[in-house]
Amino acid sequence: MKLIKLIIILIISIFYLLETNSAISLVKDQNDAAIQIIKHIYGGEDIINPCNYKPDPDTPPIFVCRASNEYEPQSELTVKSILINVFDEDPNQVIEISNDLTIFKDVQSIDIQGVSIPSETINKLYKLENLKDAVFFKHSESPSIDEDLILPKKLESLGFTFFGGLVGRGFFESPTLRVLEIVIPSEGYRITTDEIPFNDQLQSLKLPLTPSSSNLAGITGIHENIISNLRELIQLKLMIFNHLGKRFENPITLPTLNSKLISLEIYFQDSVVIPFQEKIVNTNDIQFFNLPTINKDIKYLTISGNGLFLDRSIGFTDLSNVNDGLEIAIEGNCKFITDCIGRPCIKLPLQTKLSLFDTEVDLQKIDLSNVTSLSVLGNTQPQPYPSDINFKSLKKIEIRDSNFIGDIPKAYQQIDKNVLVDIE
């Protein structure tokens, strides 16, 4: 009896394996392309099934495959997502693949880091009708990126670490794109000055700004109507490359901001993490600008890196016109407050949450009376502990790894026991 049961189980298992192996296989052209990519990046290992290949046992597979027809589980497989993450310490050893990724016609997600892809893939990206999110590291310089680039009709998020083409109308005419992020400009990078139609989809925009990114829009490199016509824009990140030899001809001015824009982040070049490149150390070559006017509707403001100064003829910058509850973060090698003359150099709105990280800021030059949350981490500027704080309205104070001298003021004893306190 037991023997009969074992024979039956064995027969069922054999039929299952035969059915699985004969019915489920990756579409041939995709199978060949996937194997070529894996071998080119990771070596000449014999690969039978690229859908199961992992460069490391602890990493997810490079190609995730699913049935090409979801209603027929035994139909041929097709690639649904691509995940490649490779970095070499030598910038001259960036791996380049020649395969046109649009052969994976059903792919929904692409994330490629440390590998350069053909620019033809970017130009033909519109063919990937099911693509929803894509992040690319770099693309080949030739042929150039089409100026009338068309994006896939379902694409919701698109990012480039390096991009060397025109950020044209096609980026802003997409009916589905909600996030667009470009970090570092490559040769040929620029931003359109054409008028764009009203856009009710794009919510987050990150763009690098260079002296040559736009000839008509001044320092920001963004034409006025782009920001004002992005009617659902919530977050704007500007990567200002102020250390490229060429100089911006005009001061920083931000375009008229849509009232829905609540988050503004300004990163100067020495705070931008550029793969394979060391941080900027020669500050003599950095171009500095006066702090631009900040729209009152901004709720989250980040300033990172070295590129601002406060106009000595003004004496201070008044941000108190911004709506109450501003969350402001000052990060990186940011010295514009410490270098200013007079006290206070900055006035803040009511209920401000102020965060300083890895900075050289003299807090004595900031009016802290409206600050309800103060976080100071890694501030190297020697100074006494701040004392001009309204301790009655304080909800959080965090001071760690910073160069404060002297004893903690007795006024700190007024801090309510319910306030989050972390002082080292």
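Taken together, the values in this text are just the output of simple stated rules run on the coordinates, not laboratory data. Keep in mind that what you see is a predicted model, and the values were worked out from it rather than measured. Glycine also receives a Cβ, built like all others from the backbone with ideal geometry; neighbour counts cover every protein chain displayed.
Computed quantities for the displayed model
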quantity: Anisotropy class of the stretch 50-128 from Cα gyration tensor, a/c 1.5 cut; calculated: oblate
quantity: Theoretical FRET efficiency, 1/(1+(r/R0)^6), r = Cβ-Cβ of His40 and Tyr300, R0 41 Å, to 0.05; calculated: 0.45
quantity: Potential extension, Ser98-Glu129 segment - 0.36 nm per residue separation minus Cα distance; calculated: 9.0 nm
quantity: Label-point separation, Lys28 to Asp318 (7 Å along Cα→Cβ), nm; calculated: 7.6
quantity: Residues Ser75 and Asp148, FRET efficiency given R0 of 41 Å [Cβ-Cβ distance, rounded to 0.05]; calculated: 0.70
quantity: Simple label model, 7 Å out from Cα along Cβ direction - Ile408 to Thr193, nm; calculated: 5.7
quantity: Net charge of Cβ neighbours under 9 Å - reference Arg400; Lys, Arg +1; Asp, Glu -1; calculated: -4
quantity: Sites Asp200 and Ala67 - FRET efficiency at Förster radius 30 Å, r taken between beta-carbons, to 0.05; calculated: 0.30
quantity: Which listed pairs, of Lys124/Lys206; Lys124/Lys153; Lys260/Lys347; Lys353/Lys395, have C-alpha distances above 19 Å, in listed order; calculated: Lys124/Lys206; Lys260/Lys347
quantity: Among 55-67, 195-207, 412-424, the order from most to least packed when residues are scored by Cβ within 10 Å on average; calculated: 195-207, 55-67, 412-424
quantity: Anisotropy class of the stretch 100-238 from Cα gyration tensor, a/c 1.5 cut; calculated: oblate
